[in-house]
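What follows is a single structure, written as structure tokens, with notes after it.
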Amino acid sequence: MARWKWVLDRMVKTGQLSRAERAAYTVFPEPKAPPKPAGLSGQTGYLVDTARAYVSAHGDISDARFDLGGYQIYTTFERPRVDALAEAVRHETAGLAPKARTADRNVRVGAASVATDGRIVALYGGPDYIEQGFDDANITIVPVGTAYAPFVYAAGLRDGALLTRGAPRTPVTPDSVYDGDDKVPIRTPEGPYWSRDGTIVKSRNDGGKSWGRISLRQAVADSVNGPITQLGMDVGLDRVRKASVDAGLLPRGFGEQVPAFATGTGVTPSPIRVASAYGTFAAAGAHTDPYSVLKVTRDGQRVDIEQPAVTHPFTPKVAGEVDEALKDAVTGGTARRAVRAGGGLAGRTELAGKTGTAAGDLSAWYVGYPPRGARAAAVATSVAVFRLDPKTQELLPLAGTGGPSKATKEFGSTYPVDIWTRYVAVAG
């Protein structure tokens, strides 16, 4: 308004308006709200944006040509799954009370289901595209936390450990034993790892629990941070990063490679990419990058769209060993709530999954998959829950969100696993 008044006054001084004409402008013309896009409410807008972005990135159609219309885009999305995922989020978050609890304010959910053949079959980008245009299924600022452990484990199984500088790498197996106690000094081949403040870095387990000597398979299933952190150092954090990129995470979104890197600190992949990468373990080590468009036609003619290739970053043996640890997590580890929360999944021991909590309680994840059917590809689904300050766009702690019934000291928020469980019970 100040600028508007200044411009009008200047127009008088420069002779563009008379004083009488200037006096007629007394009411500031409020900007009109942009029209709401038709037909894009609910999850539809997120699906449309995802498909259009894929066409733009993998085809030769310019934006100008695209805007002329006439293209028929056939997507990979499955409406029953999209609806079931949205309903699961709505149902499980219905008890949030932002007016009564500060910790319930600005809660966001991003989720995605990706088949092992790369098809994105469902996503949840937000409560409504018209209200929130940003797609939280594709957000890349939320740390994945301890849901990153399977990639550290896979790197160790594939590449082995370098325990002594210059010596051959030592094979890593599911039965490799590590110290699972809390506050164990982190080692390098040269000795203890010193932080920049001059202290030796030590492991930190959830709740300060000490587990004694445990196998790596149990450490993954029970989300014991110490052995995973040390394994990351033994394998080499550069190799851990490469293994996770090979599995399906994008090369960007990785923070500083310090010991906490192995527990997902600074690692911020989107829910779409996390689901896709977990699917690599379900697919016996084969990976196909996620895609949302099957084909594009115009005037009955097919338009060329690049389709992702299949890669094999892990052997079936390595992928199978990761898969077994993820099944252990469901049957008796941190993910056991997936079969105890009801929803028709009780007693299903073939489920595989992993919880994830980030340092500072800045996010909570659950990623998992049921086995594939006789003719269908397995579908991995990731659910991320976080809080985002609408003014600063900074992440806020989840501590206290949903009240005591929705949070535990040991495994963080239960929202992701409850959403996943309700969804998978319906969608399979």
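Is there a residue being open to solvent by less than 10 Å² (accessible area, probe 1.4 Å), in a helix (DSSP H, G or I), closer than 23 Å to Thr357 by Cα and touching a helix residue (DSSP H, G or I) at 6+ places or on another chain (Cβ under 7 Å) anywhere in segment 282-293? The answer is no; no qualifying residue exists. Please find, within segment 74-113, the residue that is farthest from Pro371 (Cα to Cα) out of those that are assigned to a strand (DSSP E or B) and touching a Leu at 6+ places or on another chain (Cβ under 9 Å). Among residues in segment 74-113 that are assigned to a strand (DSSP E or B) and touching a Leu at 6+ places or on another chain (Cβ under 9 Å), the one farthest from Pro371 (Cα to Cα) is Val107. Has segment 99-116 got any residue that is among the charged types (D, E, K, R) and without any contact (Cβ under 8 Å) to a residue 12 or more places away in the chain? Yes, that holds for at least one residue.
Going through (1) surrounded by fewer than 19 Cβ atoms within 10 Å (Cβ to Cβ); (2) modelled with pLDDT of 95 or more one by one, Ala97 falls short only on (2). Yes or no: Leu216 hydrophobic (A, V, I, L, M, F, W, C) and farther than 18 Å from Thr263 by Cα? No: the conditions fail for Leu216. Restrict the check to segment 309-318 and report whether at least one residue is open to solvent by less than 40 Å² (accessible area, probe 1.4 Å), closer than 21 Å to Ala155 by Cα, modelled with pLDDT of 85 or more and outside any loop (DSSP other than H, G, I, E, B). Among the residues of segment 309-318, at least one is open to solvent by less than 40 Å² (accessible area, probe 1.4 Å), closer than 21 Å to Ala155 by Cα, modelled with pLDDT of 85 or more and outside any loop (DSSP other than H, G, I, E, B), which makes the answer yes. When Val48, Val89 are screened for being within 30 Å of Ala283 (Cβ to Cβ), open to solvent by less than 20 Å² (accessible area, probe 1.4 Å) and among the hydrophobic types (A, V, I, L, M, F, W, C), only Val89 passes. Residues of segment 117-127 being in contact (Cβ under 8 Å) with a residue 60 or more places away in the chain and open to solvent by 30 Å² or more (accessible area, probe 1.4 Å), which ones? Answer for segment 117-127, where residues must be in contact (Cβ under 8 Å) with a residue 60 or more places away in the chain and open to solvent by 30 Å² or more (accessible area, probe 1.4 Å): Asp117, Arg119.
I'd like the full set of residues that are in a loop (DSSP other than H, G, I, E, B), more than 18 Å from Val383 (Cβ to Cβ) and among the hydroxyl-bearing types (Ser, Thr, Tyr), limited to segment 261-281. Residue satisfying the conditions is Thr265 alone. Of the residues in segment 166-187, not one is open to solvent by 30 Å² or more (accessible area, probe 1.4 Å), under 30 Å from Ser292 (Cα atoms) and either free of Cβ contacts under 8 Å to residues at least 60 places away in the same chain or not aliphatic (A, V, I, L, M) (or both). Scanning segment 211-230 for residues that are touching a strand residue (DSSP E or B) at 6+ places or on another chain (Cβ under 9 Å) and more than 22 Å from Asp323 (Cβ to Cβ) yields Trp211, Gly212, Arg213, Gly226, Gln230.
The values are calculated or read from the model by the stated rules, or taken from the named source; none is laboratory data. Computed from a predicted model, the values in this text were never measured in an experiment. Here Cβ is always computed from backbone atoms with ideal geometry, including for glycine, and neighbour counts include all displayed protein chains. Heads up: the accessible areas ignore ligands, DNA and RNA and are worked out on the full protein's heavy atoms, side chains in. Shrake-Rupley method; radii C 1.70, N 1.55, O 1.52, S 1.80 Å.
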